[in-house]
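Chemist: Below: one structure in structure tokens.
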């Protein structure tokens, strides 16, 4: 879901966006755990700031009532896998793309660093994407640069480790990507290997992306 531009916002759209981003708030409203009036007062400054105008409290409360039935619903199998998953975030990474013909040349240059540090590689039909720490990239031989066809600094890697049951759980990765889309996060690169999922986002989006997936995991653990 794309971020909604300020001049196109309605109260209903904005409330729906807030509830999509905050799993715990949406569930609390749906199940009656949260006081509707208190939530309205808390959200009022944020909503007015996003709308760029004063808002009637009753209008915001009505929008919350209309949207409080929204909640994140997953198949039990997906929720169970999420509950057993963990996530790690690494910022300050570099993503480079090279033709497959030069893979060995890069691996030879990085062999010592691969053992000690964080690096990921995804091999396609014609090109290979390598994601590594900026400090490793900065000490690579300069002559390797001529073979790099794309170079992006300041990216972050979310490493999601799941139980083996993820292999037999359709829709698991879709649930992750949908959650990021709801948060307005653009995925730069993604790959998976057995029980590992690697998702690359911009450094500037790293905090929100991590919180979105971490909350999803926490939500699954308490609602399994």
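Chemist: List the residue pairs whose Cβ atoms are under 7 Å apart, where the first residue sits in region 128-152 and is within 22 Å of residue 192 (Cα to Cα), the second is at pLDDT below 90 and in a loop (DSSP other than H, G, I, E, B), and the two are 6 or more positions apart or on different chains.
Modeler: Filtered contacts from region 128-152: 133/117; 133/118.
Chemist: Right, here's the next one. Somewhere in region 198-210, is a residue more than 26 Å from residue 14 (Cβ to Cβ) and either part of a helix (DSSP H, G or I) or outside the structural domain of residue 132 (by TED's automatic domain parsing) (or both)?
Modeler: There is at least one residue in region 198-210 that is more than 26 Å from residue 14 (Cβ to Cβ) and either part of a helix (DSSP H, G or I) or outside the structural domain of residue 132 (by TED's automatic domain parsing) (or both).
Residues checked against (1) touching a helix residue (DSSP H, G or I) at 6+ places or on another chain (Cβ under 6 Å); (2) closer than 25 Å to residue 79 by Cβ:
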| site | (1), (2) |
| --- | --- |
| 108 | no, no |
| 163 | no, yes |
| 169 | yes, yes |
| 174 | no, yes |
| 179 | yes, yes |
| 223 | no, yes |
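Chemist: I would also like to ask the following. Residues of region 119-145 being in contact with a helix residue (DSSP H, G or I) (Cβ under 7 Å, 6 or more places away or on another chain) and over 26 Å from residue 88 (Cα atoms), which ones?
Modeler: If the condition is that a residue be in contact with a helix residue (DSSP H, G or I) (Cβ under 7 Å, 6 or more places away or on another chain) and over 26 Å from residue 88 (Cα atoms), then 126, 127, 141, 144 are the ones that fit.
Chemist: Separate question: For residue 180, are the conditions met, namely being without any contact (Cβ under 8 Å) to a residue 40 or more places away in the chain and either part of a strand (DSSP E or B) or within 25 Å of residue 14 (Cβ to Cβ) (or both)?
Modeler: Yes; evaluated as a whole, the condition is true for this residue.
Chemist: In a loop (DSSP other than H, G, I, E, B), assigned by TED's automatic domain parsing to the domain that holds residue 91 and without any contact (Cβ under 8 Å) to a residue 40 or more places away in the chain: does that describe residue 187?
Modeler: yes
Chemist: Please pick out the residue among 95, 80, 88 that is modelled with pLDDT of 90 or more, surrounded by 14 or more Cβ atoms within 10 Å (Cβ to Cβ) and under 30 Å from residue 224 (Cα atoms).
Modeler: Only one candidate qualifies: 80.
Chemist: Taking residue 52 as the residue in question, decide whether it is surrounded by fewer than 18 Cβ atoms within 10 Å (Cβ to Cβ), under 25 Å from the mean Cα position of the chain (by Cα) and either farther than 18 Å from residue 182 by Cβ or modelled with pLDDT of 85 or more (or both).
Modeler: no
Chemist: Let me ask something else about it. Going by the structure shown, is residue 160 surrounded by 15 or more Cβ atoms within 10 Å (Cβ to Cβ), at pLDDT 95 or above and not assigned by TED's automatic domain parsing to the domain that holds residue 28?
Modeler: yes
The values are calculated or read from the model by the stated rules, or taken from the named source; none is laboratory data. In this text, all values refer to a predicted model and were calculated from it rather than measured experimentally. As a convention, Cβ positions derive from the backbone with ideal geometry for all residues, glycine included, and neighbour counts pool all protein chains shown.
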